[in-house]
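Every number in this text was worked out from the coordinates using simple rules, so none of it is lab data. This is a predicted model, so every value here is computed, not measured. We place every Cβ from the backbone using ideal geometry, glycine too, and count neighbours over all the protein chains shown.
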Amino acid sequence: QPRVFSGIQPSGGLTLGNYLGAIRRFVDMQNDAQYDGIEKIYCMVDQHAITVWQDPATLTRNTRELAAGYIAAGLDPTKSILFNQSQVAEHAQLAWIFNCVARMGWMQRMTQWKDKAGKNQQNASLGLFAYPSLMAADILIYHATHVPVGEDQKQHVELTRDIAIKFNHDFGVDFFPVTEPVIEGAATRVMSLRDGSKKMSKSDPSDASRINMTDDADAISQKIRKARTDPDALPSEADGLAERPEARNLVNIYAALSDQSVDQVLADVGGKQFSEFKPMLSDLAVAKLAPISAEMARLMEAPDEIDAILRDGANRARAIAAPILQKTYDIVGMIR
Ligand code: TYM
């Protein structure tokens, strides 16, 4: 039985990368007739966020703001299940079992671990190392089959498959499904505005490298105006972007925001200079993002209502997760 699950860390403000690579895809799947009758579960993964230090009051605020972002972007709590991870204890409970199935070497190979732990791995939290095991549990505690994510999470979803396969093999069962990452659209990897070789990230020290969902029109236009580019005019075909990462990034963003393919965009803007294209991109970004950030600000005025939505979502999520955990315990041989 197909089921959709995805999550985002409330570890800072939402970026355009999160929006185009993930949230917009969540909304598309929610509204796509192809997924009618299939449960869609979208989580705020607060337990993943604390694998690196989070100030408690900021974590609370970021979790609510992320929920507001989900809803403002079009997720409907009556159509999708929205909740924060820590309210459904089954995630952490299944993660423990997976910690005993997954191998140290698997975790060591993860590029996100290597990037985030940096040179001083000895000083990283144990949680950061085991991060992918909790992520596998997030997905498999619902027997989720489809996981919409950006390109950077592909390796983690593949590890989830490895964990499911090893669990099934070790216990001689056909219990956990083999999950598919859903990585689609023109913006599966939105890059930094300052450096076309780095992804746009909420943790980049330079605020000019990213567009935040809460940026106002002035900030958005200024960041796009200052975005790094090369001196050439835009090509009229996608091939012409191959060796031009900064140009490709801006065209990809334009395509994703305007719901067009890169080829369609280039058919219109091919031959234009950046001095002409950048204002077009700013206007489009402001037109698409301003209503979302205004709605986020409005929702943030009623934190109790956000909390009630998350509580209700958690109850619905737990109803799916609890029997799957019980069955897992039976398979492992734990008395209950
Ligand atoms: P996180 O919080 O870093 O990012 C959330 C989602 O946004 C996507 N994303 C991007 N997409 C395109 N371009 C970018 N520059 C960009 N930056 C971020 C990410 O690919 C992701 O889809 N480990 C996950 C959270 C997680 C999860 C899960 C996801 C925990 N459990 C279970 C799916 C299923 C993470 O750190 O995402």
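Counting only residues 5 or more places away or on other chains, whose amide H sits under 5 Å from the amide H of GLU180 once H atoms are built in the peptide plane?
So GLU180 has HN proximity to HIS146, VAL147.
If you take all C-alpha pairs in region 5-51, what percent of them are over 13 Å apart? Please report the intermediate quantities before stating the final value.
Values: 649 of 1081 pairs.
Percent of Cα pairs beyond 13 Å in region 5-51: 60.
Between rounded, prolate and oblate, where does region 4-96 land on the alpha carbon gyration tensor, with a ≥ b ≥ c its root eigenvalues, rounded for a/c under 1.5, else prolate if a/b exceeds b/c?
Working: a/c = 2.15, a/b = 1.38, b/c = 1.56.
Oblate shape, in that a/c is at least 1.5 and b/c is the bigger or equal ratio.
Taking the Cα-to-Cβ direction at THR58 and at ASP216 and moving 7 Å from each Cα, how far apart do the two end points lie in nm?
Inter-label distance under the simple model: 2.3 nm.
Sorting check: for 228-239, 68-79, which peptide has the highest mean count of neighbouring beta carbons within 10 Å, and how do the rest follow?
Peptide ranking by packing, descending: 68-79, 228-239.
In deg cm²/dmol, rounded to 500, what helix-only [θ] at 222 nm does the chain give when every DSSP H run of at least 4 residues adds -39500 (n - 2.57) and the total is split over its residues?
Details: 13 runs with 174 residues, N = 336.
After summing the helix terms and dividing by residue count, I get -16500 deg cm²/dmol.
Which order do the peptides 105-117, 11-23, 131-143 take when ranked by the mean count of other beta-carbon atoms within 10 Å per residue, highest first?
Details: 105-117: 14.2, 11-23: 23.2, 131-143: 25.4.
Going from most to least packed, we get 131-143, 11-23, 105-117.
Please list 3J(HN,Hα) in residue order for region 41-50, calculated via the Karplus relation 6.51 cos²θ - 1.76 cosθ + 1.60 where θ = phi - 60°; whole Hz, with x for glycine and proline.
After applying 6.51 cos²θ - 1.76 cosθ + 1.60, I find 10, 10, 10, 9, 8, 5, 6, 5, 4, 7 Hz.
ARG189's amide H: which non-local residues (gap 5+, or another chain) put their own amide H closer than 5 Å, with H modeled 1.01 Å from N in plane and none for Pro or chain starts?
Counting only residues 5 or more places away or on other chains, the set is GLU151.
Can you compute the equivalent ellipsoid semi-axes for region 76-219, i.e. the square root of 5 times each eigenvalue of the Cα gyration tensor, sorted largest first and rounded to whole Å? Kindly include the intermediate steps, with their values, before the conclusion.
Details: eigenvalues 174, 81, 44 Å².
Output for region 76-219: semi-axes of 30, 20, 15 Å.
Find, among the trypsin sites (Lys or Arg not before Pro) in region 144-207, those assigned to loop by DSSP (not H, G, I, E, B) with at most 14 other beta-carbon atoms within 10 angstrom. Display every interim value, and only then the final one.
Working: sites: LYS154, ARG161, LYS166, ARG189, ARG194, LYS198, LYS199, LYS202; in loops: ARG189, ARG194, LYS198, LYS202.
Qualifying residues, ordered by number: LYS198.
Would you mind calculating the relative contact order of region 207-298 from Cα pairs under 8 angstrom and at least 6 residues apart, reporting the percent as a whole number? The partial results should precede the final answer.
Numbers: 87 pairs, mean separation 34.9, N = 92.
Answer for region 207-298 is 38 percent.
Can you classify region 227-282 as rounded, prolate or oblate using the Cα gyration tensor, where a ≥ b ≥ c are the square roots of its eigenvalues, rounded means a/c under 1.5, and otherwise it's prolate if a/b beats b/c and oblate if not? Please list the in-between numbers first.
On the way: a/c = 1.34, a/b = 1.12, b/c = 1.20.
Cα axes put region 227-282 in the rounded bin.
Over the alpha-carbon set of the chain, work out the extent along each principal axis and list the three values in angstrom, largest first.
That works out to 68, 43, 42 Å along the principal axes.
ARG210's amide H: which non-local residues (gap 5+, or another chain) put their own amide H closer than 5 Å, with H modeled 1.01 Å from N in plane and none for Pro or chain starts?
When sequence neighbours closer than 5 places are left aside, the close amide H contacts are LEU193.
Starting at the first residue of region 213-220, write each ³J(HN,Hα) from the Karplus equation 6.51 cos²θ - 1.76 cosθ + 1.60 with θ = phi - 60°, in whole Hz, x for Gly and Pro.
Going residue by residue, I get 4, 9, 5, 7, 4, 4, 5, 4 Hz, with x marking Gly and Pro.
If the only charges are +1 at each Lys and Arg Cβ and -1 at each Asp and Glu Cβ, what is the size of the charge dipole of region 207-298 around the Cα centre, to the nearest 20 debye? Don't skip to the answer; put the middle values down first.
Values: 11 positive and 16 negative charges, 62 e Å.
My answer is approximately 300 debye.
Residue-wise, which Karplus ³J(HN,Hα) couplings in Hz belong to region 23-28, taking 6.51 cos²θ - 1.76 cosθ + 1.60, θ = phi - 60°, and x for glycine or proline?
For region 23-28, the Karplus curve yields 4, 5, 5, 4, 5, 4 Hz.
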